[in-house]
Every structure is written in C-alpha cells, then in structure tokens.
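First comes the structure, then the notes that go with it.
The values are calculated or read from the model by the stated rules, or taken from the named source; none is laboratory data. Just so you know, these numbers come straight off a predicted model, no measurement behind them. All Cβ positions, even for glycine, are placed from backbone atoms using ideal geometry, and neighbour counts span all protein chains on display. Ligands, DNA and RNA are excluded from the accessible area calculation, which covers all protein heavy atoms including side chains. Shrake-Rupley method; radii C 1.70, N 1.55, O 1.52, S 1.80 Å.
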Amino acid sequence: MTRMFSINDNNDLFAVGGALQISTGITAVLQNCERAVKALRGEMIYAANRGVDYFNDAWSGSPNVIRFEAGARAQIARVAGVVSVAEFNAEVRGNTLFYTATIQTEFGTDTINGQL
C-alpha cells in the first residue's frame, strides 16, 4: 500500500488532534507526483540527477514548455504507483508557467496542476 504524510495546499505537513495525517492510495501517489514535479534538478543530495531543470526550462526568461513537459513527465513516471501520464498541458501566461497533468495510477486516474 502506498502511504505518505499528508500535505496541505501550502505543501506543508499537518496534524489533526495532535497526529500527523497519513495519505494512502491515489491521494498519496498524486501528492508524490506533485512533489516530483516541484523538485529542482540537483537539489536532492542523493539523487542529484532527478528533478526538473527549472533554471533552463522555466526560469530562463523564455520558458521552453516542451522541455519542461518532458522533464515533468519523466519525474512523474518515476513515482511508485504511476502507470502513465495520460495527458500533460503546460502554457505560459504573463510571467507564469501553468501546468496540468492527468495521471493514471494503479488506484485510478486523477489530475494535478500547478504554477511556477
């Protein structure tokens, strides 16, 4: 069973009644997918080759949406419980890169989205 600490909308752990909350199933897989997309390449000491290359693909002044999508898809695919990334859309509006990914997991299909 896939389990992880639950996170809120601010990507923070939270407690209810003094106990840290645990997510399971599709909720845990999707939270891990969100963390995988938010991970900056090189920031993890023991997995420096993982993460999305935000400096070159999103923050370069001229975002490369195709490379960002490829990097994000690759990170999502590494998450335990992910079967496939059924759909991924990214677009730049103003100075913000928005993304939405429909992810097929072993527990069902659902969507994550975010912005940079």
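Taking the stated definitions as given, is R41 farther than 23 Å from T109 by Cβ, open to solvent by 60 Å² or more (accessible area, probe 1.4 Å) and touching a residue at least 24 places away in the same chain (Cβ under 8 Å)?
yes
Restricting attention to the stretch 54-79, and to residues there that are assigned to a loop (DSSP other than H, G, I, E, B) and open to solvent by less than 40 Å² (accessible area, probe 1.4 Å), which single residue is farthest from L116 (Cα to Cα)? Spell out how you get there, then give the answer.
Applying the first criterion (assigned to a loop (DSSP other than H, G, I, E, B)) to the stretch 54-79 yields 58-64, 78-79.
Narrowing further to those that are open to solvent by less than 40 Å² (accessible area, probe 1.4 Å): 58, 79.
Values: A58: 8, V79: 21 Å.
Checked the stretch 54-79; the qualifying residue farthest from L116 (Cα to Cα) is V79.
Report, by residue number, each residue of the stretch 76-106 that is of a type outside the set (V, I, T), closer than 12 Å to C33 by Cβ and touching a residue at least 40 places away in the same chain (Cβ under 8 Å).
The answer is R78, A80, G81, Y99, A101.
State whether one or more residues within the stretch 10-20 are touching a Leu at 6+ places or on another chain (Cβ under 7 Å), over 19 Å from Y99 (Cα atoms) and surrounded by 15 or more Cβ atoms within 10 Å (Cβ to Cβ). Quick ask: steps written out before the conclusion?
Going residue by residue through the stretch 10-20, those that are touching a Leu at 6+ places or on another chain (Cβ under 7 Å) are 13, 20.
Subset that is over 19 Å from Y99 (Cα atoms): 13, 20.
This time we only want the ones that are surrounded by 15 or more Cβ atoms within 10 Å (Cβ to Cβ), so: none.
No; the residues of the stretch 10-20 include none that is touching a Leu at 6+ places or on another chain (Cβ under 7 Å), over 19 Å from Y99 (Cα atoms) and surrounded by 15 or more Cβ atoms within 10 Å (Cβ to Cβ).
Being open to solvent by 60 Å² or more (accessible area, probe 1.4 Å), assigned to a strand (DSSP E or B) and closer than 9 Å to V82 by Cα is the filter here; which residues of the stretch 100-116 pass it?
Q104
I want to confirm something. Restricting to the stretch 44-53 and keeping residues that are in contact with a helix residue (DSSP H, G or I) (Cβ under 8 Å, 6 or more places away or on another chain) and open to solvent by 30 Å² or more (accessible area, probe 1.4 Å), which single residue is farthest from F107 (Cα to Cα)? Show your work before the answer.
Initial filter on the stretch 44-53 (in contact with a helix residue (DSSP H, G or I) (Cβ under 8 Å, 6 or more places away or on another chain)): 50-53.
Okay, now just the ones that are also open to solvent by 30 Å² or more (accessible area, probe 1.4 Å), so 50, 53.
Values: R50: 25, D53: 29 Å.
Among those residues, the one meeting the criterion is D53.
Just give me the residues in the stretch 21-38 being touching a residue at least 40 places away in the same chain (Cβ under 8 Å), farther than 18 Å from Q115 by Cβ and either buried (at least 16 other Cβ atoms within 10 Å of the Cβ) or of a type in the set (S, T, Y) (or both), in sequence order. Lay out the reasoning, then the answer.
Initially, the stretch 21-38 is screened for residues touching a residue at least 40 places away in the same chain (Cβ under 8 Å), giving 25-26, 28-30, 32-34, 36-38.
In the following step, the residues that additionally are farther than 18 Å from Q115 by Cβ were identified as 25-26, 28-29, 32.
If the condition is that a residue be touching a residue at least 40 places away in the same chain (Cβ under 8 Å), farther than 18 Å from Q115 by Cβ and either buried (at least 16 other Cβ atoms within 10 Å of the Cβ) or of a type in the set (S, T, Y) (or both), then I26, A28, V29, N32 are the ones that fit.
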